[in-house]
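The values are calculated or read from the model by the stated rules, or taken from the named source; none is laboratory data. Model, not experiment: these values are computed from the prediction. Positions of Cβ are generated from backbone atoms using ideal geometry, with glycine treated the same way; all protein chains shown enter the neighbour counts. Each accessible area value is taken on the protein alone, full model and side chains, heavy atoms only, with ligands, DNA and RNA left out. Shrake-Rupley method; radii C 1.70, N 1.55, O 1.52, S 1.80 Å.
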Amino acid sequence: MPDIIRTGTSVACLTQPVSRLLDDFRFAARTLRRNFGFTATTVAALALGIGSCAAIFSVVDKVLLEPLPYPEPERLVQLITVSQIGNQSAVSIPKYVIWRDHTSVFESIAAYDIGALSVNLSQGDFAEALTAARVSADYFTLFGAHAKIGRTFSTGEDRYGGPRVAVISDSLWRGRFRGDPKLVGSTISIEQQPCKVIGVLAPGFGGSSLNGNLITDIWLPLQADPSSTDHVSRVRVTARLKPGVKLDDARNDVGATMGPFLQKYRPQSASEAPLLFLESFTAIPLRDAVVGDVRPALYLLTGAVGFVLLISCANVAGLLLARASRRAREIAIRAALGAQRRQIIRGLLAESIVISLFGGGVGLALGYLGVRVLLIASPSDIPRVGANGSAIALDWRVFTFTLAISLLTAILSGLVPAINASRSDGSSLIRDSALQSGMGFNRNRGRSTLVIVEMALALVLLTGAAFLIRTFVAERTVNRGFDERNVLTLEMSLAGAELQKTAPVAEMVRRAERLIGRIPGVSAVAATCALPLEPGLTLPFTILKNDQSMVGRYHGAATWRSVSPGFFDVFRIRLLRGRLFTDADNQQAAGVVLVNRAMLKKYWQEVDANPIGDFVAIGKSMGAGLEDAPRQIVGVVADVRDAGLDLEPMMYVPIAQLPDGMNARNNRIMPIVWAIRGVASSMPTAAIQQELHRIGGGIPLGRVRTMHQVVAASVARTQFYTMLLTVFAGIALLLAAVGLYGLMAYSVQQRTPEIGIRMALGAGPGDVRSIVMLQGMRLALLGILLGIPAALGLARIAVGMIFGIRTEDLVVLAAVAALLSGVALLAAYVPSLRATRVNPADALRG
């Protein structure tokens, strides 16, 4: 019996606190329901802060925190090279072969294309351009991709010169082939060559984490040549560590393969050693490779939403302080009737928690919808978020984070007001109202401090947004070195066997320039391997001056473009010296090359140097058919900025002079890009597509875009960050203005008797208005002054990350300070008008 009594007593001891806590929450809910205006205001303020945090966390979680969608992703590493120009994830086939054959710490190792490969799927008279990837046999096992029907590649099918086989995606199987199970084992036509389908992958695997946000339709075997001397970077290599192997062990093992690599590929003499051997090999976690350079920007946005949340907490804390002062009599009566201080604090915190939970629920919905709308309105190339943010979802991680932030917000915003209010005692019941009327800024010191903090944080956020806006404007308005207006671009895969040699490709380009140029509305036509702003090959070179027999180390590396003669007319790239390409620059003529001004300045040491007549040997020891005779420089053209708006050294060679091996290699891994300039904004797109389709012998066209779309895609990530930070800065500005307005309005209400006395003694409306506005602006200016050093610190951090920012850029800072001051002036002006409407007689009577 005593045990039963003790057990019952224990249960009662446990249930009583829970019961009291539930009573506190019920009472808080009833109280807040009766004060709907106050509740709606605080919930709205918290919803903005918590919603901003939830929005950014949903992106950060998907990109940085959520495990990669592969089995045991922590064991996956990417093998890279480290050189004078930084880490390079794209590597050559010889490096993959060396790593595959000379490492011992990996369970499996796979190579795959560095980008989307466009291939033509033919069926009768119909052809369709699809996205493909060439992968080694271990690719599917490494990433946990399983065949729904059939199988994936065997080692024999991945050998050099192996059979033509393919694995297709579930979406392509269901869409194009209507889910026909007999497709496996049958033959389809890819690049006008028969290819046997050996399997259909299970749904859910598209390789999107490995290839941007693009979904792959077809996988083809890599079939790497073990004796290849092609040192052009064309694949990425990922490996799975053996159980128990650490990352440092993998780095040491991969680094040790430099010896066999040098032994196999070192030139005959040390004087011929190219820059490509002045590098080292290492391994990094696959997550770091996938995320890339997005991490710093997401951290910056996370810090920004932290500021927004702090401003929200300060705002709500100010509202709770004001409400607690109004409830001083009520709290004092409760204390006089025996309520303990901790009970009062617990009850007030319960109200804060209820408000925060409601704010968190509303904020979660607003944040999720907001980030999806922004990703749709401003599509970005942020990895892992999917097309238009389709991968962003409300899962348990986001819900848990929002709940935790809501509870933290309740404590941050409610604890100090609750402790402050619990100090009330019975003396407050008998205070004279006249004494209470003396409550001004001295009695509102806590709320005044919160407003100052809000102003300082808002200034920092507004400055960051202004910097990004300036960056985005600079990216959109900077002179890129070419004219994108009225230019249409189209892609065409030339991987077919009949176009492996340069001569038929050059003839097709000449026909296209001649026939499409006759279409009304077309002024210029060109073909290239890559458009301006889009990545291309980077190849090493040696400057031979006027002595073609001179041999030495590479002088450097530059971006390489193969173009047709009309390229410079289409993009209106200026000729600075010498001549441009002509139709006479074909395989029978001496090799020629154009260089840009940045290359002249960097490698000839002076802009006014005359390189015309000098020779350049491109890609020595790189293989891939690049080791043709040195090319003579015949002209210098203006600079074209890359996607990062940098002025990089660049070389242009005629498409018609490509070595056959280089032409075949290019056609296997990238499409040819047509660029057509129109004479007006209306482009005869249909006629151009029809003519190109006929000239190409029925080859389908892919990715029809204007250059305006290409330019927009190059700044999409900056645009997304700018929009997001601008929204956060706008929320911060609104909350800071509301905080100042609330403090001033409450102060006017408290000081009504004082204002009445002043007006009865002769003070005019202007005097009263000046007193109120001066007090409000004093707080705002103090917050702005405190925020300026933090904003300057932000500028120093951003200067290395953002184009067009200078740390001494005081114009932006002054403009932001002026904007914030103007908003603060308006927030103080409205309560000052209310103060001038006080009736002295009513004030004194009250």
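Some points to look at:
- Accessible surface of segment 137-229 [probe 1.4 Å, protein heavy atoms]: carbon and sulfur percent: 51
- Efficiency of FRET from Cβ geometry, residue 519 and residue 193, R₀ 41 Å, rounded to 0.05: 0.85
- With the convex hull drawn over the C-alpha atoms of segment 84-195, the volume per residue is 145 Å³.
- Kirkwood-type radius of segment 23-139, with distances r between different C-alpha atoms, in Å: 20.7
- Summed residue charge, Cβ within 13 Å of residue 40's Cβ, Lys/Arg positive, Asp/Glu negative: +2
- Summarising the amide proton neighbourhood of residue 596: residues at separation of 5 or more, or on other chains, whose placed amide H is nearer than 5 Å comprise 637, 650.
- Taken over the Cα atoms of segment 448-531, the convex hull encloses 160 Å³ per residue.
- Environment charge of residue 830, counting only residues whose C-beta is closer than 14 Å and scoring Lys/Arg +1, Asp/Glu -1: +3
- Of every Cα-Cα pair in segment 148-196, the percent that sits beyond 16 Å: 43
- Local net charge near residue 104, Cβ-Cβ under 13 Å (Lys/Arg +1, Asp/Glu -1): -2
- Shown are 726, 409, whose ranking by accessible area with a 1.4 Å probe and every protein chain present, most to least, is 726, 409.
- Figure note: 541, 307 ranked by solvent-accessible area, largest first, 1.4 Å probe, ligands and nucleic acids not counted: 307, 541.
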